[in-house]
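Everything below concerns the one structure shown next.
Where a number appears in this text, it was derived from the coordinates with a stated rule and is not lab data. What you are looking at is a predicted structure, and each value in this text was computed from that prediction instead of being measured. Reconstructed Cβ throughout: ideal geometry from the backbone, glycine too, with neighbour counts over all protein chains shown.
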Amino acid sequence: MEIIEIENLKNNFEMQKFFSLTKEIYEKDAIWHPENEEVIKQWFNFKTDANEIRTWPVIALDDEKEVLTRAVAILHSRAKNNKNQKVGWIGYFEAKKKQNDAVRKVLQYCQEIFQKNNVQGIIAPRIDNLQQGIQINGFHFPQTIMTNYNPPYYYDYFKRNGYKDYRKIITIIFTRESYTARDFQTKDIKIRHFNRQDLEKEIKIYHHLTNEIFSNRYDYIPRTFEETKNFVKSFLPFLDEELVIIAEDRNNNAIGYLICIPDYYQSEREEQIDRARIISIGVVPRYRKKKVAASMSSFLMRKLLEKGYQSLEGAIIMKANIPPQKLARKFGGKIGREYKLLRKKI
């Protein structure tokens, strides 16, 4: 067995092995949606001005040069735990069945990379603020855009290698059949759509709101403006402005947002798009408990019904975060996919 750290992304043989693994694992899986190789390569190459993100793709090959498993060690300079210690992430993990030895060696290789960089702990799997967690339940649901999906046996691989349960994560599923109509109106709050014609202003609003809304979470990585701009522009080709909602106060100051996008995966399968996915929803602290999130949700639900959507999958929610789950139930939402985020001290 050979463990290879892919140092040159232009090495066609090594990169071909990295990407071929998913095709083998999910060959007969009708749920899985193929990963976008170009987007992943761009992500590996992405560097901010401060060079804050570093990645180490690692693969394991057998004696016949067949790939057995892969993982990427990710080090973000702003990733810290609640003790302000450096934390590394494991992302893009994939492995064939019955490959305990190969998985152990690849995860150990990533761990040694972190140790050389004075990292105190590892979170797995995680790529960024929005894509994290290993799926443990709800495997029958269609894989919607920007959701993690993996075979059930992956969880055991991490447990065998010393990773402990850290957090439970869920998504909420809404269907046309289960939807309960609710109309929430908040005094002095205005709800509007995203304005593509004033893109720079909208990006600035989103950037400011995101960092204010989630700044109290120590595991949230605030984006630089450059990162925010790249993130928003990545969705523009398939963005429906009427599904991106911004809440404003009486002085037209933005105080919350709800970002919902059509499930573009359906389009790539040449299906009619009738599913949508909420990427993120949030309200600034001073306006929480004032039904702003409920007002945005009600606005979105009406628009989805008008447009003929059949189902909606919500953003990932920490199982311990009760308020958004209560809000979802008011609209007929039920628990969909379930994930676990794992960690390991080193």
Gaussian network model of the chain, springs between alpha carbon atoms under 10 Å - residue of L199, L21, L107 with greatest fluctuation: L199
Kirkwood hydrodynamic radius over Cα pairs of the stretch 103-256, then Stokes diffusion coefficient at 10 °C and 1.306 mPa s, in µm²/s: 82
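Relative to the present Cα-Cα distance, how much length would full extension add between S234 and D156 at 0.36 nm per residue of separation?
Working: separation 78, 0.36 × 78 = 28.08 nm, distance 3.36 nm.
Full-extension gain reported as 24.7 nm.
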Candidates V106, V292, V232, ranked by Gaussian network fluctuation over the chain, Cα under 10 Å, top entry: V232
Two-decimal log10 I(q)/I(0) for the stretch 2-128, as the Debye equation yields it once each C-alpha is a single scatterer, q = 0.11, 0.16, 0.19 Å⁻¹: -0.39, -0.81, -1.11
Highest-fluctuation residue, I59, I172, I25 considered, GNM on the chain with Cα pairs under 10 Å: I25
Filter on K23/K204; K86/K289; K10/K164; K23/K116; K23/K344; K96/K168 - keep pairs with C-alpha separation over 31 Å: K23/K204; K86/K289; K10/K164; K23/K116
Where N is the number of residues in the stretch 190-338, Cα Rg divided by 2.2 N^0.38 Å: 1.03
Selected from A124, L9, A276, residue furthest toward positive end of dipole (the chain; charges at beta carbon): A124
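Return a whole-number percent for the relative contact order of the stretch 190-338, with Cα pairs under 8 Å and 6 or more residues apart as the contact set. Mind showing how you got there, number by number?
On the way: 183 pairs, mean separation 31.7, N = 149.
Across the stretch 190-338, relative contact order equals 21 percent.
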With 10 Å bins from 0: P(r) over the stretch 299-346, alpha-carbon pairs, percent: 19, 44, 24, 9, 3, 0
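If we count other beta carbons within 10 Å of each Cβ, what is the order of F235, F44, fewest first?
Working: F235 15, F44 20.
So the ranking, lowest neighbour count to highest, is F235, F44.
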Span from the the stretch 252-317 Cα centroid across to the the stretch 147-178 one, whole angstrom: 22
222 nm mean residue ellipticity, helices alone, for the chain (DSSP H n ≥ 4; -39,500 (n - 2.57); rounded to 500): -9000 deg cm²/dmol
Simple label model, 7 Å out from Cα along Cβ direction - Q42 to K345, nm: 4.1
